[in-house]
């Protein structure tokens with residue numbers, strides 16, 4: 001197996017663990033290839049890389065890597081997902097961010113985890129992916145999303161009006177700052193901050209959540225993941241932005257609506273047998289955390 005190594009080059013704390021991983025992979029005679037941007041940063045910091053360890057281009061990196069190790073946080077892993085597109089390459093996230101729901105492995109664990117990767121002692125989870133198609137036919141720079149698609153007002157445009165249909169049946173007319181369509185994976189991301197429910201990854205559902213709705217009785221709604229969601233803006237002249245996992249497409253709906261539905265492929269995330277989703281929730285969200293001095 002050839003491991004691909006990529007990461008967020010803006011995180012200074014990442015370089016030492018990456019260099020340590022490379023040394024470990026050499027010791028256990030495991031083939032690897034480093035993304036060109038990451039390789040440049042390593043070389044600039046004094047690391048010695050062989051020519052056959054450096055990918056000459058992103059496309060070469062994606063073609064060669066059979067499993068990708070992504071250093072950074074959840075945002076870095078989402079960028080890796082976007083790079084892969086529909087490629088089925090599994091991703092292992094190494095957390096150098098904050099919460100790290102997706103990037104669950106810490107840098108201090110890597111030596112042990114490398115042995116597990118080498119022996120095949122890991123689990124590959126398939127996560128639902130969303131795809132978006134504009135009614136206008138215009139292509140999006142990123143038309144897949146592992147977490148969510150959101151449509152939000154931009155600048156001082158005021159409330160937006162959203163006409164939403166599910167399987168060609170009118171669901172609701174929303175007056176809000178925005179609207180989010182998320183996967184179970186994305187239920188612990190932006191949607192959670194709005195008070196949306198948490199959905200375990202195996203749920204066959206999607207989640208529609210309004211952002212600051214004008215009507216207080218409007219709440220997030222869970223729908224089957226086979227549903228086709230059509231969204232049109234009532235005020236096409238208002239400035240807005242369509243976002244796919246943090247990648248912005250300004251005023252994407254000014255020439256018509258967008259259809260959001262489950263993609264035909266999945267994102268494959270690597271985890272290990274001693275990790276599980278519910279322990280991650282408890283740890284990251286500090287459920288049941290004991291405070292010795294509640295008044296402090």
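The values are calculated or read from the model by the stated rules, or taken from the named source; none is laboratory data. Only a predicted model underlies this, so the values are computations on that prediction, with no experimental measurement involved. Here the Cβ positions follow ideal geometry from the backbone for every residue, glycine too, while neighbour counts run over all protein chains shown.
What to note about this one:
So that you can scan it fast, the table gives a plain yes or no per residue for (1) surrounded by fewer than 21 Cβ atoms within 10 Å (Cβ to Cβ); (2) in contact with a helix residue (DSSP H, G or I) (Cβ under 8 Å, 6 or more places away or on another chain); (3) at pLDDT 95 or above:
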{"residue": "89", "(1), (2), (3)": "yes, yes, yes"}
{"residue": "103", "(1), (2), (3)": "no, yes, no"}
{"residue": "120", "(1), (2), (3)": "yes, no, no"}
{"residue": "126", "(1), (2), (3)": "yes, no, yes"}
{"residue": "133", "(1), (2), (3)": "yes, no, yes"}
{"residue": "139", "(1), (2), (3)": "yes, no, no"}
{"residue": "148", "(1), (2), (3)": "no, yes, yes"}
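- Residue ranges of strands (runs of 3 or more DSSP E) in segment 238-280 with at least 2 members surrounded by fewer than 19 Cβ atoms within 10 Å (Cβ to Cβ): 247-250, 258-271
Yes/no per residue for (1) under 26 Å from residue 86 (Cα atoms); (2) not in a strand (DSSP E or B):
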| site | (1), (2) |
| --- | --- |
| 130 | yes, no |
| 150 | yes, no |
| 158 | no, yes |
| 162 | no, no |
| 165 | no, no |
| 192 | no, yes |
| 208 | yes, no |
| 214 | no, yes |
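- Taken over segment 167-182, the residue count meeting the criterion of being free of Cβ contacts under 8 Å to residues at least 60 places away in the same chain and not in a strand (DSSP E or B) is 1.
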